[in-house]
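Participant: Submitted below is the structure of interest, expressed as structure tokens.
The values are calculated or read from the model by the stated rules, or taken from the named source; none is laboratory data. Everything quoted here is computed from the prediction, not taken from an experiment. Please note: Cβ atoms are built from the backbone with ideal geometry, for glycine as well, and neighbour counts cover all protein chains shown.
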Amino acid sequence: MVSFELLPTAWLSGAAGVLGLVIGSFLNVVIHRVPRGESVVRPRSHCPVCGYQLSAWQNLPLLSFALLRGRCGGCSAPISWRYPAIELLTGLLFAAVAWRIGATPSLPLLLAFAAALVAAGAIDFDHRIIPDEISLGGLVVALFGMPLTAWLAGSVWLDALSSSAAGALLGGGLLWLVGFVHARICVALGREFEHWPGEGEELPRPGSLDYWTWFPGIGFGDVKLLAMIGAVLGPLGVLATILASSIAGVLVGLVSIAITRSTSTPFGFGPAIAAGALFVLLVPVRLV
């Protein structure tokens, strides 16, 4: 087996924080481009207003925003505070995860997990979608990665695989069951929703895929995201995430109301799920 000597926690956490700032800068690209179907590699980072391509020094996390005084170097259009906020958040999360986990084989995977949650939450907040590249891609990586890191740490890889698979089935299955039962009750009661099934469209029938995956109020992207979370955190972790997410959902709703100044504007549940999972990752919760 591979032996891993723990690095000094403060140094490891600091290095992870710096890495998080860099990854946060890349996440800004992911959050902006992936929902639009654009490449995250080309073209280079540019101003969305004038198309001005950023030079290397204008891409430095946090520093560039401060040096440019929050404005584009080409047209002087204001740069959204979202960009440095995502960089800072990711840096702090990476530092916190490294501080808690230490120099273990699972650390790179858990850092990637935290980054995926930041991207998924931000995209869902903006567009009310969670890209499959994040949820399903993360699920596949977790199902392979968690057993591998367990084996590298000297544990039984089959136990880790069983935990990941059970967590994925429990997380995704529970949320799917809630959505499915809710949809059937709504149909039985004759309830109508603005976006379900949609103007001029009939309610899905059992013979169609939509009958099993298209629900009012719960996006199937949430189901897939919770399956990914369960594959990383395991059965108990995903149950704790559901509890934490319900509380975070209230807070996200209040933020949405403050931004939109409306109590009727729908918002994605993804940010609450991501916040709940990050809370459980950093502050393990005992359910019993």
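Participant: Quick check: is even one residue across region 266-284 at pLDDT below 75, under 30 Å from S163 (Cα atoms) and surrounded by fewer than 16 Cβ atoms within 10 Å (Cβ to Cβ)?
Facilitator: Within region 266-284, one or more residues are at pLDDT below 75, under 30 Å from S163 (Cα atoms) and surrounded by fewer than 16 Cβ atoms within 10 Å (Cβ to Cβ).
Participant: Of G137, G173, G121, which residue is crowded, with 21+ Cβ neighbours inside 10 Å, at pLDDT 85 or above, within 19 Å of the chain's Cα centre (by Cα) and outside the structural domain of N28 (by TED's automatic domain parsing)? Spell out the reasoning first.
Facilitator: Details: G137 fails: crowded, with 21+ Cβ neighbours inside 10 Å; G173 fails: crowded, with 21+ Cβ neighbours inside 10 Å.
After applying the criteria, what remains is G121.
Participant: List, please: which pairs have Cβ atoms under 7 Å, are six or more places apart or on different chains, and start with a residue in region 193-221 that is assigned by TED's automatic domain parsing to the domain that holds I130 and end with one that is of a type in the set (S, T, Y) and at pLDDT 85 or above?
Facilitator: P204/Y211; R205/Y211; F220/T213; G221/S135
Participant: Return a yes/no flag: does region 69-87 have any residue that is modelled with pLDDT of 90 or more and among the hydrophobic types (A, V, I, L, M, F, W, C).
Facilitator: Yes, that holds for at least one residue.
Participant: Go through region 185-220 and give me each residue that's part of a helix (DSSP H, G or I), more than 26 Å from G276 (Cβ to Cβ) and of a type outside the set (V, I, T).
Facilitator: A188, L189, L209, D210, Y211
Participant: What do you reckon, is V223 among the β-branched types (V, I, T), at pLDDT below 95 and in a helix (DSSP H, G or I)?
Facilitator: For V223, the condition - among the β-branched types (V, I, T), at pLDDT below 95 and in a helix (DSSP H, G or I) - is met.
Participant: With respect to A258, is the statement that it is among the aliphatic types (A, V, I, L, M), in a helix (DSSP H, G or I) and more than 30 Å from F144 (Cβ to Cβ) true?
Facilitator: Criteria met by A258.
Participant: Restricting attention to region 59-76, and to residues there that are assigned to a helix (DSSP H, G or I) and of a type in the set (G, A, S), which single residue is nearest to V30 (Cα to Cα)?
Facilitator: S64
Participant: Which pairs turn up if I take residues in region 92-109 that are at pLDDT 95 or above and look for partners that are surrounded by fewer than 16 Cβ atoms within 10 Å (Cβ to Cβ) and hydrophobic (A, V, I, L, M, F, W, C) with beta carbon separation below 6 Å, at least 6 apart in sequence or on another chain?
Facilitator: Close Cβ pairs satisfying both conditions: A96/L282.
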